[in-house]
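Novice: Structure in structure tokens, see below.
The values are calculated or read from the model by the stated rules, or taken from the named source; none is laboratory data. Nothing here was measured: the structure is a model prediction, and the numbers come from that model. Every residue, glycine as well, gets a Cβ built from its backbone with ideal geometry; the counts of neighbours run over all protein chains shown. To get the accessible areas, we keep the full protein, side chains included, count just its heavy atoms, and leave off ligands, DNA and RNA. Shrake-Rupley method; radii C 1.70, N 1.55, O 1.52, S 1.80 Å.
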Amino acid sequence: MARIPYADTAHPDHVEAAAAIRASRKKIGHLHRMLLHAPPIATGWITLFDAIRWKSTLPGRLRELVICRIAAINGASYEWEAHAPIALAEGATQAQLDALRDWRASDAFDATDRAVLAYCDAMTQQVHVPDDIARAVREIFPPRQLVELTATIAGYNCVSRVLEALEINGADALPPDA
């Protein structure tokens, strides 16, 4: 059970932000229901993650592999459960998802995947990215995609930290959506 109750979408302070979430996501799930407690954050969150997910030129498969890797590193099961099916739909294989927790020991990943996953690991576990790891992704991606990759990794680390700090669980019962 989450650390605080999920927000009521019908509360007058939440109606506008709830409408923005519905317009983007069609429904209001656990994470967004929690974010509604802070309406400006909820609407800003939707704007940021819509840009990361749908306005980026980064290949969707790579985006979803790093999101799942972040979930694995941070122990964010809600994030994993939400994004593993998306990763498969974007072209990742089940073998890659199965190997993602120990990707360095697997032959399921090509050179680009390995550079991206090393960058993800460095950003997530160390914050400061070593020069050789940064150079490897810089040689693969043009500046726009490198910024998109970086923002994706940073953003989804934020997601997992919010999920885990507030103990948001996809199995929690939600009050009816107004």
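Novice: Using only Cα atoms and rounding to the nearest 10 degrees, what angle (0 to 90) does helix 39-54 make with the longest principal axis of the chain?
Specialist: Roughly 40 degrees, rounded to the nearest 10.
Novice: Using a Förster distance of 25 Å, how high is the FRET efficiency between GLN125 and ALA105, based on the Cβ-Cβ distance and rounded to 0.05?
Specialist: Taking R0 as 25 Å, the efficiency between GLN125 and ALA105 is 0.90.
Novice: Something else about it: How many nm is it between the label spots at ALA2 and ARG25, if each spot is 7 Å from the Cα in line with the beta carbon?
Specialist: 0.9 nm
Novice: Roughly how many percent of the accessible protein surface of the chain is carbon and sulfur, given a 1.4 Å probe and a whole-percent answer? Numbers along the way, then the final one.
Specialist: Details: 5100 of 8870 Å².
Using a 1.4 Å probe with all protein chains present, the chain comes out at 58 percent carbon and sulfur.
Novice: So, for the chain, what is the accessible surface per residue at a probe of 1.4 Å, expressed in square angstrom?
Specialist: Details: 8870 Å² over 178 residues.
Value for the chain: 50 Å² per residue.
Novice: For the range 167-175, what does the Karplus curve 6.51 cos²θ - 1.76 cosθ + 1.60, with θ = phi - 60°, yield as ³J(HN,Hα) per residue in whole Hz, taken in order and with x for Gly and Pro?
Specialist: Along the range 167-175, the couplings run 6, 6, 10, x, 8, 5, 6, 9, x Hz.
Novice: While we're here: Mean shadow of the range 87-141, computed from the convex hull of its alpha carbons, in nm²?
Specialist: Mean projected area for the range 87-141: 4.1 nm², to one decimal.
Novice: Please pull out the direction-averaged projected area of the chain, using the convex hull of its alpha-carbon atoms, in nm² to one decimal place.
Specialist: Over every viewing direction, the Cα hull of the chain projects on average to 10.3 nm².
Novice: Provide the net charge surrounding ARG3, with neighbours chosen by a C-beta distance below 12 Å and charges set as Lys +1, Arg +1, Asp -1, Glu -1. The partial results should precede the final answer.
Specialist: On the way: positive: none; negative: GLU164, GLU167, ASP172.
That works out to -3.
Novice: Here is a follow-up. Can you compute the FRET efficiency between GLN94 and VAL147 using 1/(1 + (r/R0)^6), with r the Cβ-Cβ distance and R0 = 25 Å? Round to the nearest 0.05.
Specialist: 0.25
Novice: Could I ask something else about it? Which of the GluC sites (Glu not before Pro) found in the range 56-122 are loop residues per DSSP with 16 or fewer other Cβ atoms within 10 Å of their Cβ?
Specialist: GLU90
Novice: Starting from the exponent 0.38 and prefactor 2.2 Å, build the expected Rg for the range 2-97 from its residue count and divide its actual Cα Rg by it.
Specialist: Dividing the Cα radius of gyration by 2.2 N^0.38 Å gives 1.18.
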